[in-house]
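The structure appears below as structure tokens.
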Amino acid sequence: QVQLVESGGGLVQAGGSLRLSCAASGDIFRINAMGWYRQAPGRQRELVAVINSGGRTNYADSVQGRFTISRDNAKNTVYLQMNSLKPEDTAVYYCNADLISPGRDRGSDYWGQGTQVTVSS
């Protein structure tokens, strides 16, 4: 089994910062990409940022220059530093990992339980 546990969400005023963390544990042989998605009420889940095993990153246009994704491979943990937050960043943020378990030859997608981020104006 694999678990992704997120932390760091909360309430912040516009212009403020938050840092999200997501730690993967369990039957892990190798983690390929890790990323963050978000889902606001009435909207589809969308990609926020992703980082591959080599450190290459990709961001949604809406967060480029404000958010920074990073990972600690030794800890199987991914972070999302969110600066200059806006009310439109309000959403539930989900951690995602594409990882390979021992004995498997291909990766599978795993999701965290989600953490609420609320930005007040």
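The values are calculated or read from the model by the stated rules, or taken from the named source; none is laboratory data. In this text, all values refer to a predicted model and were calculated from it rather than measured experimentally. With ideal geometry, Cβ positions are generated from the backbone for all residues, glycine too; neighbour counts draw on all protein chains shown. Surface accessibility is based on the protein's heavy atoms, side chains included, excluding ligands, DNA and RNA. Shrake-Rupley method; radii C 1.70, N 1.55, O 1.52, S 1.80 Å.
Observations
- Looking across segment 89-116, just one residue is of a type in the set (S, T, N, Q), farther than 27 Å from Ser17 by Cβ and part of a strand (DSSP E or B), and that is Ser108.
- Any hit, segment 50-61, residues being over 21 Å from Ser108 (Cα atoms) and either in contact (Cβ under 8 Å) with a residue 12 or more places away in the chain or loosely packed, with under 13 Cβ neighbours inside 10 Å (or both): yes
- Of all the residues in segment 1-28, those that are assigned to a loop (DSSP other than H, G, I, E, B) and of a type outside the set (Asp, Glu) number 8.
- Selection within segment 99-113 - surrounded by fewer than 18 Cβ atoms within 10 Å (Cβ to Cβ) and under 12 Å from the mean Cα position of the chain (by Cα): Trp111, Gln113
- For segment 63-79, taking the residues that are outside any strand (DSSP E or B) and touching a residue at least 12 places away in the same chain (Cβ under 8 Å), the one that is least open to solvent (accessible area, probe 1.4 Å) is identified as Val63.
- When each of Val50, Val12 is tested for being under 18 Å from Asp98 (Cβ atoms) and of a type outside the set (Gly, Ala, Ser), the lone residue that passes is Val50.
- Residue within segment 80-88 that is open to solvent by less than 50 Å² (accessible area, probe 1.4 Å), assigned to a loop (DSSP other than H, G, I, E, B) and under 16 Å from Thr115 (Cα atoms) present: yes
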